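Engineer: Quick one: structure below, then a few questions.
Derivation of every value follows stated rules applied to the coordinates shown; laboratory data play no part. Keep in mind that this is a model prediction, so the values were computed, not measured. Positions of Cβ are generated from backbone atoms using ideal geometry, with glycine treated the same way; all protein chains shown enter the neighbour counts.
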Amino acid sequence: MSDVRAPTILEEGEDIVIERVDRWTLHKWCLITSVCTVFVYGTAGLVCAVLTFFRAWPGADVMYVADYDLLVLLTLASSILLLTFLVGLSGTLLNSRPLLAIYALLLWPALFSLLAIGYPSYKRYSFSLDRKLSRAWSEWYTPLGRLVIQDALECCGFANALHEAVPSARCYPRTPLPGCKGPLWRFERETLATVWSTVFALIPLHIVNIFVALLCANHVTRTFGKGIMPKRYRLNADDVRADAEVLMRAMGALRPVARPGFARAPSSAVFREDKTHYDRGVDMARWDARSKASSHSSSSSSSRARYR
C-alpha cells in the first residue's frame, strides 16, 4: 500500500475526508524490484527440481541417481527463496516494516542454502570426478540405480560389460554397448559445471538484494517509524483526571454569559422563541451551587489523598 494523505474539506457544515494516493517512493520501487528477482530465481530452481524429480527432460534419470543430494538441496533452497519472496512482497505492499525486517533476515538462510548447492557441486566437479564416480558405482549406487543409468546412457557396466554390470535385455556379457564410465563422466562434468556456475552467478545478485533490503526497508514510506505517538507521550487515566480537576477549578471561578433577549417577538405563530424564558437569577444560583459542590469534592479528594 502506498502513502495516503487525507485533506479535510468543509462542505455544508460537515467534514468530508478525501483520500489521495501518493506515488511510491524510490526506495519502495527498488525494494519491489529486488523482491521480484528473488521470486524469479527461486521459481526457476523449484521448476528445475520438480522437472528432474518427474523425469521430464533427457538425462533426468541419471541426475536423479548420481546427484540426488544436490536435488534435495536445490528444492530446499528454492522453497526458502519463495517463502522469502512472499514475506517481502507482503511487507512491501502493506508498508509493514516488521515484515520487511523478517524478509531481510530470511535472505541470509537463503544465501547459505545457495552456497550449500554451489560448493559441493564445484568440489565434485573439480577434484577427482572419475574416482568419485568409480567409488559411487561400486559402493553407493543400488542395482536399480545402475540399471537406470545404463538404460539412460545406453551403456553396460562401469568400465565394460563385465565390470559390475546389471543384466538387462540390452546389457549382457557379449553386448556391443560401451561401459558407462565415459558417458557418465561427460554427463556429470557438463551437469555439475552448469549447476555451480549458475549458483555462483546468482550469489552477487543475492548479496545485492540483501543490501537493498537493509537500506530500503525503513524507507518504504515517507513516514518515519509507524506514525504512532511514543508511549511516554501518551495520556493515561491519571493525566486525564488531573486535567479534569484543573478545568473544574478554572471553570468554577467563571460566571455564565447571559443570553440576550429578543428585541421583538416574532410574528409567526409556529416559531415562538419568545416563549423560552431565561431566568438569569435562577441560572446564576444553580451555577454557584454546582461550582461550590465541585470545589468541595475536589478539596475532599485531595485531603483524602494526603491522609493516605
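Engineer: Can we say S126 is under 43 Å from the mean Cα position of the chain (by Cα) and either small (G, A, S) or closer than 25 Å to T75 by Cβ (or both)?
Structural biologist: On the way: under 43 Å from the mean Cα position of the chain (by Cα): yes; either small (G, A, S) or closer than 25 Å to T75 by Cβ (or both): yes.
In short, yes.
Engineer: A further question on this structure: Tell me which residues, restricted to region 133-184, are touching a Lys or Arg at 6+ places or on another chain (Cβ under 9 Å), surrounded by fewer than 16 Cβ atoms within 10 Å (Cβ to Cβ) and closer than 15 Å to D61 by Cβ.
Structural biologist: E154
Engineer: Follow-up. Looking at region 121-176 only, could you name the residues that are part of a loop (DSSP other than H, G, I, E, B), of a type in the set (F, W, Y) and in contact (Cβ under 8 Å) with a residue 12 or more places away in the chain? So that I can check it myself, show each step before the final result.
Structural biologist: Kept after step one, since they are part of a loop (DSSP other than H, G, I, E, B), are these residues of region 121-176: 127-128, 141-142, 154-176.
Filter again for of a type in the set (F, W, Y), leaving 127, 141, 158, 172.
If the condition is that a residue be part of a loop (DSSP other than H, G, I, E, B), of a type in the set (F, W, Y) and in contact (Cβ under 8 Å) with a residue 12 or more places away in the chain, then Y141, F158, Y172 are the ones that fit.
Engineer: So how many residues does region 64-88 have that are in contact with a Lys or Arg (Cβ under 9 Å, 6 or more places away or on another chain) and of a type in the set (V, I, T)?
Structural biologist: Let us first name the residues in region 64-88 that are in contact with a Lys or Arg (Cβ under 9 Å, 6 or more places away or on another chain), namely 64-65, 67, 70.
Remaining after also requiring of a type in the set (V, I, T): 65.
Selection size over region 64-88: 1.
Engineer: Can we say F112 is surrounded by fewer than 16 Cβ atoms within 10 Å (Cβ to Cβ) and within 24 Å of the chain's Cα centre (by Cα)?
Structural biologist: Numbers: surrounded by fewer than 16 Cβ atoms within 10 Å (Cβ to Cβ): yes; within 24 Å of the chain's Cα centre (by Cα): yes.
When the stated conditions are applied, F112 passes them.
Engineer: Tally the residues that are aromatic (F, W, Y) and either within 26 Å of R23 (Cβ to Cβ) or not in a helix (DSSP H, G or I) (or both), restricting the search to region 196-220. Reasoning before the result, please.
Structural biologist: Here is the first cut: in region 196-220, the residues aromatic (F, W, Y) are 196, 200, 211.
With the extra rule that they be either within 26 Å of R23 (Cβ to Cβ) or not in a helix (DSSP H, G or I) (or both), the set shrinks to 211.
Here the count works out to 1.
Engineer: Which of the helices (runs of 4 or more DSSP H) contained wholly in region 16-106 include at least 1 residues that are over 29 Å from Q150 (Cβ atoms) and touching a residue at least 40 places away in the same chain (Cβ under 8 Å)?
Structural biologist: On the way: elements: 26-53, 60-66, 68-93.
Correct list: 26-53, 68-93.
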